[in-house]
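J.: Input: one structure, supplied below.
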Amino acid sequence: MRYYLISALSILAAILRGSLAKPFSPRWDDMRIKHSWYAVPENWESLGNPLSGTTIDLYVALKPEAHRENALIDTLYQVSNPNHPRYGTYLSKEQVADLVSPPPGTFELVNSWLQYHGVPSSSVSMTHGGTTLTLSSVSIIQANALLGASYQLYRHVETNETVVRTVGYALPAALHGLVQTVVPTTCFSTPHTQWQSPRKRSGGATAGLKRPVSGEPVTVLSSRNDDATTPSFLRFLYKTTEYRPAAADRNALGIVGFLNEYPSPEDLAMFMSVYRSDGTNGAITIVRVNGGGYDPTNPAREPNLDTQYAMAMAYPTPVIFYSTGRGPAGTTDWLVSWLGYILTESNIPRTISISYVMDERNIPEPYAAYICTQFSMLGVLGVSVLIASGDDGVGKGECVTNDGSVRFYSYFPTSCPYVTAVGGTTNHNPEIAASFSGGGFSNVFKRPDYQEQAVAEFLQHLGNQYQGQYNATSRGIPDISAQARRFPIILKGERKVVSGTSASTPTVASVISLLNDYLISQGKATLGFLNPWLYGTGMSGLTDITSGSNPGCNTNGFSAIEGWDPVTGLGTPDFQRLLRVVLADPAEPGGAG
Ligand SMILES: *[C@@H]1O[C@H](CO)[C@@H](O)[C@H](O)[C@H]1NC(C)=O
Ligand SMILES: *[C@@H]1O[C@H](CO)[C@@H](O)[C@H](O)[C@H]1NC(C)=O
């Protein structure tokens, strides 16, 4: 796997040619620790050295030039803020690469280090929009030498997942200030799906469904006696039923899959014939990223849920499913793998839904910052990214920290302030918070300006309840929410019912995708990174959810109240009202490509 950015590559080539002549040579054996855990992370056990011959792709994330440290994020806020003159004027990939370029001399120095260790320059390429030097197929021995590391094969004691990681790693002193992080090193975590089995099973709901009978009246909008949240009900509730997409030839909705999970087109066809009978010719495109798996006869629940609801709600908008791979034996990282791919694409879907997240507590901060930067690049390119907020309320289990106190936690990458975090609701008339809706505060990312006022109002209401159990200065989660309970899906020809923010995320993504459809059909810029708009004028297009709570960590959790809350965010979408807000915003025709 090698992705080139032409301009950066030619710089690299020029530097490689010039580097031999340079006299300056730092001491490459002067290694300083970059990141290390005290012990092997909980629930992982070493299986010893990886098989001989194992190679890994090493991603060396470079920092941008110091005086332009904030250029990318400043640009993100300008192009995403309806009140800014640059609103909707999204950048090209080349312009983004320019914003993040490292200081002059960086490539030269890194290459001299690689040469010292005998890594051929042919294995080095620029990836991730110009933020990263990727070293392809590095042997474990070489990786250990480059990073003063001890890569081993680790197994997760519950899931049996295996990864190749190191408990710590170092870099030469001369590179410390230039490199943000190296992946994969000390981040052992894997994003997990956010669905759960229903607590209450009614006999009919999970009964097997053989062949759909055409014309069978499956959904009843006015009555909820089938106790299921169907696409028709969601379209009715969020008011998209009347909307006729007009830019399906230029719009797309992307669904990201990890863990080698993928959907079944056959299940989708069956689902459509039952739940969206006017859209039975809706088809998904499967894109296999970095060796991602695909066997249509062996679909998984999450990708089926995501693609079935995306297609049934946004039809006829094309749905693209990314089956992300990560090399043999867990040598690559899921998020880095997908982001490296998507940032090279010339036609990125305008809306992207991700239902896989991981416990923020297990993630090295530089890794989190690096991934979050990649998501901000998607925003600068004009892409709206929606990510599940998690299914454990304020936290699962006891949540006791080393010092004995109870502390709530949140999930990543939903805690990244440059994505839109999606929580869950249930019931209707009125909707209330789903008790599992992931919500709270990051311990890594500080509070972004766009939610300063909304979160401050909530904290004032909260007073000193839970003081010390959450981080009062950081990013609040979620931003928005939608129905998350009892979604029927088709899996291997059978009807199943699932719940979770895994279900609400593609639901919100579909509504946003329809708004983008409208904007594209009018020749206007798409919505891009949503939050500055949502916390501004967009708020009036949402239905505030004001009751329910998200218990966890042996507490009652937070309560949904008027305004923003760390249970349901700002509320659930009302497509018709959002459309009116979009019509009123002075959106310039943009460079969304
Ligand atoms: C993990 O492997 C063990 C032993 O091979 C097996 O008993 C167990 O069922 C596996 N667990 C999962 C979740 O696959
Ligand atoms: C609170 O969040 C900030 C980032 O906003 C972080 O720097 C700090 O370490 C967090 N505090 C704790 C106790 O985790």
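J.: Jot down the radius of gyration and Dmax of region 434-544, Cα atoms only, both in angstrom.
T.: Radius of gyration, then largest Cα-Cα span, for region 434-544: 17.2, 51 Å.
J.: About the Cα centre of region 245-583, what is the dipole size in debye to 20, counting +1 per Lys and Arg Cβ and -1 per Asp and Glu Cβ, all else neutral?
T.: Taking the Cα centre of region 245-583 as origin, the dipole is about 320 debye.
J.: To continue, here is another question. In debye, nearest 20, what is the charge dipole magnitude of the chain about its Cα centre with +1 on Lys and Arg Cβ and -1 on Asp and Glu Cβ, if you could check?
T.: 600
J.: Mind ranking 113-122, 374-383, 428-437, 68-77 by how tightly packed they are, going by the mean number of other C-beta atoms within 10 angstrom, highest first?
T.: Top to bottom by mean Cβ count within 10 Å: 374-383, 428-437, 68-77, 113-122.
J.: Next up: Based only on the alpha carbon positions, what is the Kirkwood hydrodynamic radius of region 245-583, in angstrom?
T.: 19.9
J.: How big is region 271-322 along each principal axis, measuring the range of its Cα positions in Å and listing the largest first?
T.: 34, 20, 15
J.: Using a 4.7 Å Cβ cut-off, which Cys residues in the chain lack a partner cysteine?
T.: C187
J.: Between N347 and Q522, what is the label-to-label distance in nm when each label sits 7 Å out along the Cα-to-Cβ direction?
T.: In this crude label model, N347 to Q522 measures out at 2.5 nm.
J.: Looking at the P(r) of region 241-363, how many percent of alpha-carbon pairs lie beyond 26 Å?
T.: 22
J.: In Å, the Kirkwood hydrodynamic radius of the chain over pairs of distinct alpha carbons?
T.: For the chain, inverting the mean 1/r across all distinct Cα pairs yields 24.5 Å.
J.: Then there is this: What ranking of W195, W338 emerges when the number of other C-beta atoms within 10 Å of each C-beta is taken as an exposure proxy, fewest first?
T.: In increasing order of surrounding Cβ atoms, one gets W195, W338.
J.: Would you check the chain for Lys pairs whose C-alpha atoms are within less than 24 Å, ignoring same-chain pairs closer than 8 in sequence, and give me the count?
T.: Pairs that pass both the separation and distance tests number 14.
J.: Normalised by the empirical 2.2 N^0.38 Å for globular proteins, what value does the Cα Rg of region 47-139 take?
T.: This ratio for region 47-139 stands at 1.43.
J.: I'm a student and want to see the number: the projected area of the Cα convex hull of region 356-469, averaged over all directions, in nm².
T.: Its Cα hull, projected and averaged over all orientations, spans 8.7 nm².
J.: Using a simple spin-label model with points 7 Å from Cα along the Cα→Cβ vector, what separation in nm is obtained for S547 and V400?
T.: So the label points at S547 and V400 sit 3.6 nm apart.
J.: Could you tell me the calculated FRET efficiency between A66 and R27, based on Cβ-Cβ distance and R0 = 35 angstrom, to the nearest 0.05?
T.: Rounded to the nearest 0.05, the efficiency is 0.90.
J.: If I stretch the segment between Q465 and E562 completely, what's the gain in nm (0.36 nm per residue apart, minus their alpha carbon distance), one decimal?
T.: Taking 0.36 nm per residue and subtracting the Cα distance, the gain is 33.2 nm.
J.: Work from the charge dipole of the chain (Cβ charges, +1 for Lys and Arg, -1 for Asp and Glu, about the Cα centre) and give the residue of G548, G48, N281 farthest towards its positive end.
T.: Farthest along the dipole direction, towards plus: N281.
Every number here is computed from the coordinates shown, using simple stated rules; none is lab data. Please read all numbers here as calculations on a predicted model, not as lab measurements. Note that each Cβ is placed from the backbone with ideal geometry, even for glycine, and that neighbours are counted across all protein chains shown.
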